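Colleague: Pasting a structure here, questions to come.
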Amino acid sequence: MAVRVTAVLRLAARAAFAAMLVATPAGAQLPRASEYAVKAAFLFQFTRFVRWPEAAFPAPDAPFRLCVWGADPFGSELARIEGNRYGTHPIQVERPRRSDALRGCHLVYIGEEAPLAPGDTVRMLDRPGVLTVSSEPGFAEAGGALEFVIRENRVRMVINARAVREGGLSPSAKLLEVAERVVDGVGGGP
Amino acid sequence: MSARTLAFRICLLLAAGSSIGIACAAQSAEQDVDLLSLDLEQLLDVEVELASRAPQRAFDAATAIYVIDRSDIERSASRQLPDLLRQVPGLHVGRWDGNKWAVSSRNALGRFASTMLVMVDGRHVYTPLYGGVRWEQLNLPLDDVERIEVVRGPAGPLWGANAVDGVVNIVTRTGAATAGTLVAASAGSGSPNGELVLRRAVGAGDASYRVTAHYVALDEGVYLPTATSTHRGARIAGETANDAGTARRVDLRADWAAGERASATLVAGVFDADFDEERLTGGAVVPNAIAQRSAYAQLQWRRATDDGGEWRFGAAATRGVVEDDIADDRETLVDLDLQRAGAAGPLQLIWGLGFRHYRSTLRVPDLETCRACFGAHPERGGNDTASGFVHGRWQASPSLAVVAGVRLESSDYVDFEWQPTLRIVAGDRQRTLWAAATRALRTPTRLDRDLAFYRVPDAALPAFGCLEISGTTCRVGDRDSEPWEVVALEAGFRAQPSARFGYDLVAFEHDFRNTIQRGATVGRDRVQGVEAEARFAPAERWQIGIGYANHRGRNLRASGAIETLPLLPRHSAMLRSSLALSPAWSFDVQASHISSLPRGAAPPLQAQARVDLRLAWRPRPGLSATLAVLDALDEVQAEYIEALKINSGAGRGVQFGFEWRFE
């Protein structure tokens with residue numbers, strides 16, 4: 001037994017050592033905001049820098065529906081957005097559990113453990129007037145509109161300009177400018 | 001067993017952070033500024049404190065897990081499901097004739113390899129007759145497969161007997177994910193030479209369903225040189241072998257959401273296939289025609305609870321028939337499964353109860369004329385198994401968690417047996433370090449207990465080592481068979497330094513004790529190894545995956561003598577590349593290399609390389625055409641040699657495929 005344990009420990013130590021050599025070191029600690037507080041603020045900014053067609057709203061005072069699909073990572077952060085307005089439309093935060101309740105959402109944040117894979121959700125939401133956002137790696141390439149990525153502890157975005165436009169939405173030049181990357185993806189899969 | 005994904009259990013138990021359904025509230029750092037008042041550029045400058053991780057599926061798991069996702073499946077040159085497993089470092093895949101595969105995890109390849117648990121949507125699909133998997137029955141249309149979750153290493157404490165050195169769970173796609181109509185066909189040379197898929201799926205509101213019909217024709221292989229086959233010169237290398245096959249299946253899946261909290265899934269299907277092969281009997285090569293039929297149905301029901309967890313209930317039934325010239329096996333399996341996941345004080349807990357009913361009738365087809373024919377005594381047999389498990393996860397600190405669990409199982413074949421595990425996982429969002437110690441069991445199978453030979457001539461009886469003789473029937477199966485045991489130590493590290501680069505390293509040792517025959521320890525197997533995997537994206541449209549496994553496996557005889565022959569190849573390496581040439585064109589490569597395997601007096605399995613290529617053209621959404629070159633290096637080689645069957649090789653194949661999807 002002793003021999004075995006040492007053999008495994010040796011293997012593990014080697015593997016861990018090799019891993020440490022490649023792994024990124026933890027950065028210096030600076031005063032920070034929480035990741036999802038910043039992402040929530042970004043969601044709010046998207047309502048400023050993306051234009052939805054008026055046809056996406058049944059009435060001039062109809063709510064702008066910001067929907068979180070899957071697990072909600074924002075905690076109470078989204079509550080701070082609620083009550084603000086997109087034009088004449090009060091922003092309303094919803095957490096639908098069923099896919100049919102996603103119909104009519106203007107902005108859909110796809111969290112983890114959504115009932116469908118992000119790519120499939122995007123395909124399901126393939127209709128005008130929806131902006132899809134996720135932190136899922138590869139989301140923009142899979143046909144999602146906006147993907148959050150973290151670079152050096154800062155939130156960045158990858159924008160699939162084609163997905164935004166095909167949704168009938170107009171991203172402002174500024175939004176495209178601040179994106180880390182703009183893909184013009186064909187969208188993954190069928 | 002109810003259908004559930006590995007991800008479900010792994011998230012629940014092993015992920016660092018909160019559990020399913022619990023919103024992972026961002027830990028608000030002190031915020032003096034109102035973030036909403038910042039403009040876009042200012043926001044980009046805010047340094048963020050990364051959220052303690054909500055379950056990130058596989059990433060935080062304290063186990064060696066590999067997920068073959070939908071994009072890997074779409075990009076596979078081969079349309080045969082077992083071939084997809086070749087990309088997983090640590091798994092060994094060998095196609096040994098025109099229609100059959102052997103797959104093992106960290107262990108020797110074998111047709112009767114019986115230490116891996118294989119499931120489709122959580123339903124067990126290994127046969128309790130001998131514990132092995134008939135991979136030819138798992139050749140699902142890849143268009144219906146959402147992902148394949150692979151755990152290397154023992155998972156018995158969570159999953160039950162047979163999860164000794166690996167678990168493979170094939171997750172099928174919902175009607176909502178496949179809505180519309182699909183017509184797909186492929187044809188060409190090599191194996192398979194023809195495939196047809198027709199699918200209709202509807203996803204509307206609370207319900208979705210999918211019906212798929214699938215037909216596949218598998219081409220014959222070619223005979224191998226005498227040195228790497230069992231035909232003993234009775235067949236000429238390079239000639240077409242007698243091992244074609246056809247398989248037909250219809251699968252149904254329906255999903256419902258009942259209100260906000262409850263949901264249900266029904267899967268059902270029928271399968272019917274004819275496979276040819278040749279076997280070795282008394283030194284002669286004789287053809288054998290195999291007919292396989294099965295039908296299955298499975299219902300799962302889930303309900304979310306107030307504590308963020310859920311109840312699950314599952315029921316599954318399978319009826320299967322395998323008929324050939326040697327045996328006629330009919331089996332019935334019923335699984336019932338209940339489980340609860342949720343929070344209990346500082347612990348995340350999951351517990352479950354299961355019941356399995358298995359009956360089989362194994363008849364000798366030509367009992368009047370055969371000599372020393374293979375069978376089971378009694379012809380009808382089986383067992384009922386009751387099991388229960390509980391696992392708890394304690395988050396000791398934001399970056400450290402401890403998981404402990406145990407499974408108890410009792411059946412007609414084994415008394416109370418327990419399988420415990422202890423796991424530690426530490427890490428943050430980008431890095432995870434884990435270690436685990438586990439005891440898992442492979443419980444005796446029906447053949448371990450009931451294997452018998454009928455119509456054995458008197459003079460030959462002593463040579464069989466019979467434990468019971470009645471007339472000319474000799475039972476060699478041992479009613480005192482005990483479980484095989486593995487004690488495994490594992491450790492791993494995985495990291496995702498950037499969105500474009502991630503890697504996974506695992507080191508392990510498995511120590512087997514096989515005690516199946518006559519209560520004596522027949523042998524001990526020891527397998528040690530390291531497995532590494534990395535994925536990176538050199539350019540936006542180009543993704544690369546590489547893998548490597550180094551396995552050292554030895555058998556230690558009961559006498560204490562160490563067998564010098566390795567159990568499995570020492571080195572295996574894999575490479576995948578996916579390149580989007582343009583919006584409409586993509587080019588994919590899958591390659592692998594396996595080192596040679598010495599086999600003592602028998603000729604070694606040669607070192608072998610395999611390269612598969614795929615070029616896809618998607619002129620518009622819903623329409624695609626693909627050209628695949630399988631085994632482009634055209635190495636006609638034995639991947640696995642089964643002692644009593646004639647194996648064949650494949651060589652290069654060219655396949656043309658076409659897919660059309662519409663509303």
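FYI, it's all coordinate maths here, none of it is from the lab. Just so it is clear, the model here is predicted, and its values are computed rather than measured. FYI the Cβ positions are ideal-geometry reconstructions off the backbone, even for glycines, and counts take in every protein chain you see.
Colleague: Across segment A:102-107, in residue order, what do the Karplus-derived ³J(HN,Hα) couplings come to in whole Hz, using 6.51 cos²θ - 1.76 cosθ + 1.60 with θ = phi - 60° and x for Gly and Pro?
Modeller: After applying 6.51 cos²θ - 1.76 cosθ + 1.60, I find 7, 4, x, 6, 8, 10 Hz.
Colleague: Still on this structure, I have one more. Find which of A:His89, B:His571, B:Ile65 sits farthest along the positive direction of the dipole of the protein assembly as shown, computed with +1 on the beta-carbon of Lys and Arg, -1 on that of Asp and Glu, about the Cα centre.
Modeller: The one lying farthest along the dipole's positive direction is B:His571.
Colleague: Run the dipole for the protein assembly as shown about the Cα centre, Lys and Arg Cβ at +1, Asp and Glu Cβ at -1, nothing else charged, and hand back the magnitude in debye, nearest 20. Don't skip to the end; give the middle numbers.
Modeller: Details: 95 positive and 101 negative charges, 132 e Å.
I would put it at about 640 debye.
Colleague: Then there's this: Return the ratio Rg/(2.2 N^0.38 Å) for segment B:591-646, where Rg is computed over Cα atoms only. The partial results should precede the final answer.
Modeller: Numbers: Rg = 17.3 Å, N = 56, 2.2 N^0.38 = 10.2 Å.
Normalised by 2.2 N^0.38 Å, the Cα Rg of segment B:591-646 equals 1.71.
Colleague: Debye calculation, C-alpha points only, no solvent: report log10 I(q)/I(0) for segment B:193-274 at q = 0.20 Å⁻¹, in the same order as the q values.
Modeller: Evaluating at q = 0.20 Å⁻¹ gives log10 I(q)/I(0) of -0.90.
Colleague: I've got another one for you. Say the dipole of segment B:257-363 comes from +1 at the beta carbon of Lys and Arg and -1 at that of Asp and Glu; which of B:Ala316, B:Ala343, B:Leu362 then lies farthest toward its positive end?
Modeller: So the residue furthest toward the plus end is B:Ala343.
Colleague: Of B:Phe416, B:Ala495, B:Val456, which is farthest on the positive side of the dipole of segment B:379-510, counting Cα position, with +1 on Lys and Arg Cβ, -1 on Asp and Glu Cβ, and the Cα centre as origin?
Modeller: So the residue furthest toward the plus end is B:Ala495.
Colleague: Still on this structure: Skipping prolines and chain starts, which residues have an amide H placed within reach, meaning under 5 Å, of the one on A:Ser34, given they are 5 or more residues away or on another chain?
Modeller: Residues meeting the amide H criterion: B:Ala29, B:Glu49.
Colleague: Please identify which residues in segment A:82-112 have an amide N closer than 17 Å to a label point set 7 Å out from the Cα of A:Asp61, following the Cα→Cβ vector.
Modeller: A:83-92
Colleague: Suppose a student asked you for the relative contact order of chain B, using Cα pairs under 8 Å spaced at least 6 residues apart; what percent would you report? Display every interim value, and only then the final one.
Modeller: Numbers: 1942 pairs, mean separation 90.4, N = 663.
So the answer I get is 14 percent.
Colleague: Still on this structure, please answer the following. From the phi angles alone, apply the Karplus equation (6.51, -1.76, 1.60; θ = phi - 60°) to segment B:383-390 and give each ³J(HN,Hα) in whole Hz, x where the residue is Gly or Pro.
Modeller: 7, 10, 10, 10, 8, x, 9, 9
Colleague: Quick one: B:Met574, A:Met124, B:Met116, fewest Cβ neighbours within 10 Å first, how do they rank?
Modeller: Values: B:Met574 21, A:Met124 17, B:Met116 26.
Taking fewest neighbouring Cβ atoms as first place, the list is A:Met124, B:Met574, B:Met116.
Colleague: Could you please state, rounded to a whole Å, how far the C-alpha centre of segment B:68-140 is from the C-alpha centre of segment B:176-250?
Modeller: Result: 14 Å between the Cα centres.
Colleague: Multiplying the sequence separation of B:Arg513 and B:Thr361 by 0.36 nm and subtracting their Cα-Cα distance, what value in nm do you get? Mind showing how you got there, number by number?
Modeller: Details: separation 152, 0.36 × 152 = 54.72 nm, distance 2.96 nm.
Difference between extended and current length: 51.8 nm.
Colleague: Can you tell me the Rg and Dmax of segment B:153-204, counting just the alpha carbons, in angstroms?
Modeller: Computed over the Cα atoms of segment B:153-204, radius of gyration and Dmax are 17.8, 45 Å.
Colleague: Turning to a different aspect of this structure: Only four residue types carry charge here, +1 at the Cβ of Lys and Arg and -1 at the Cβ of Asp and Glu. Report the dipole size of segment B:573-630 about the Cα centre in Debye, rounded to the nearest 20.
Modeller: Numbers: 6 positive and 2 negative charges, 19 e Å.
Dipole about the Cα centre, nearest 20: 80 debye.
Colleague: Given H placed 1.01 Å from N in the peptide plane, which residues other than close sequence neighbours of A:Leu131 have an amide H under 5 Å from its amide H?
Modeller: A:Leu107, A:Val108
Colleague: Please report, in Å, the Rg and the Dmax of the protein assembly as shown, where both are computed over Cα atoms only.
Modeller: 27.7, 97
Colleague: For segment B:154-170, take each phi angle, set θ = phi - 60°, evaluate the Karplus expression 6.51 cos²θ - 1.76 cosθ + 1.60, and give the result in whole Hz per residue in order, putting x for glycine and proline.
Modeller: Taking θ as phi minus 60°, the curve returns x, 9, x, x, 9, 9, x, 3, 5, 7, 8, 10, x, 9, 10, 10, 9 Hz for segment B:154-170.
Colleague: Same structure again: Can you give the Rg to Rh ratio for chain B, taking only C-alpha atoms and Rh from Kirkwood?
Modeller: On the way: Rg = 25.3 Å, Rh = 26.2 Å.
Rg/Rh: 0.97.
Colleague: Convex hull over the alpha-carbon atoms of segment B:390-522: what's its volume per residue in Å³?
Modeller: Working: hull volume 19.3 nm³, N = 133.
So the per-residue Cα hull volume is 145 Å³.
Colleague: Going by Cα centres, segment B:317-348 and segment B:352-391 are how many Å apart?
Modeller: Cα centroid to Cα centroid, the span is 14 Å.
Colleague: Which far-off residues, 5 or more places away or on another chain, put their amide H under 5 Å from the one on B:Gly529, with H placed in the peptide plane?
Modeller: HN-HN under 5 Å from B:Gly529: B:Phe508, B:Arg552.
Colleague: So how do B:563-569, B:207-213, B:419-425 stack up, highest first, on mean other-Cβ count within 10 Å? Present the calculation step by step, with values, prior to reporting the outcome.
Modeller: Working: B:563-569: 17.7, B:207-213: 19.4, B:419-425: 21.0.
In descending order of packing, they fall as B:419-425, B:207-213, B:563-569.
Colleague: Between B:Ala396 and B:Val211, what is the label-point separation in nm under the 7 Å Cα-to-beta-carbon projection?
Modeller: Between B:Val211 and B:Ala396, the label points sit 5.6 nm apart.
Colleague: Under 17 Å from the 7 Å Cα→Cβ point of B:Asp480, by amide nitrogen: which residues of segment B:390-419?
Modeller: Output list for this probe position: B:413-415.
Colleague: For the protein assembly as shown, what does -39500 (n - 2.57) per DSSP helix run (n ≥ 4), summed and divided by total residues, give at 222 nm, in deg cm²/dmol to the nearest 500?
Modeller: Details: 12 runs with 92 residues, N = 853.
Taken over the protein assembly as shown, the calculation gives -3000 deg cm²/dmol.
Colleague: Additional query: Could you compute the FRET efficiency for B:Ala237 and B:Phe112, with r as their C-beta to C-beta distance and R0 at 41 Å, rounded to 0.05?
Modeller: Numbers: r = 26 Å, r/R0 = 0.64.
Efficiency computed from Cβ-Cβ geometry: 0.95.
Colleague: Over segment B:152-243, what number does the Rg to Rh ratio reach, with both radii from the alpha-carbon atoms and Rh per Kirkwood?
Modeller: Working: Rg = 21.0 Å, Rh = 17.6 Å.
Value, to two decimals: 1.19.
Colleague: Mind giving me the nanometre distance, one decimal, between the label points for A:Arg165 and A:Thr88, set 7 Å out from Cα along Cα→Cβ?
Modeller: About 3.0 nm, to one decimal.
Colleague: Rounded to the nearest 0.05, what FRET efficiency do B:Arg535 and B:Ala185 give with R0 = 30 Å and r taken as the Cβ-Cβ distance? Could you check? Spell out each step's value before the answer.
Modeller: Details: r = 32 Å, r/R0 = 1.05.
The computed FRET efficiency comes out at 0.40.
Colleague: What are the lysines whose alpha-carbon lies under 28 Å from the alpha-carbon of A:Lys39, with same-chain residues fewer than 8 places away excluded?
Modeller: In chain and number order, the partners are A:Lys174.
Colleague: Follow-up. Note down the nm distance, to one decimal, between modelled labels 7 Å out along Cα→Cβ at B:Arg200 and at B:Asp39.
Modeller: 5.7 nm
Colleague: As an exercise, use a Förster radius of 56 Å and the Cβ-Cβ distance of B:Trp542 and B:Trp351 to find the FRET efficiency, rounded to the nearest 0.05. Could the numbers behind the result be given before it?
Modeller: Details: r = 45 Å, r/R0 = 0.81.
About 0.80, to the nearest 0.05.
Colleague: Cα centroids of segment B:457-482 and segment A:125-145: how far apart, whole angstrom?
Modeller: Their Cα centres are 65 Å away from one another.
Colleague: If the only charges are +1 at each Lys and Arg Cβ and -1 at each Asp and Glu Cβ, what is the size of the charge dipole of chain B around the Cα centre, to the nearest 20 debye? Show your work: numbers first, answer last.
Modeller: Values: 72 positive and 81 negative charges, 135 e Å.
Once rounded to the nearest 20, the dipole reads 640 debye.
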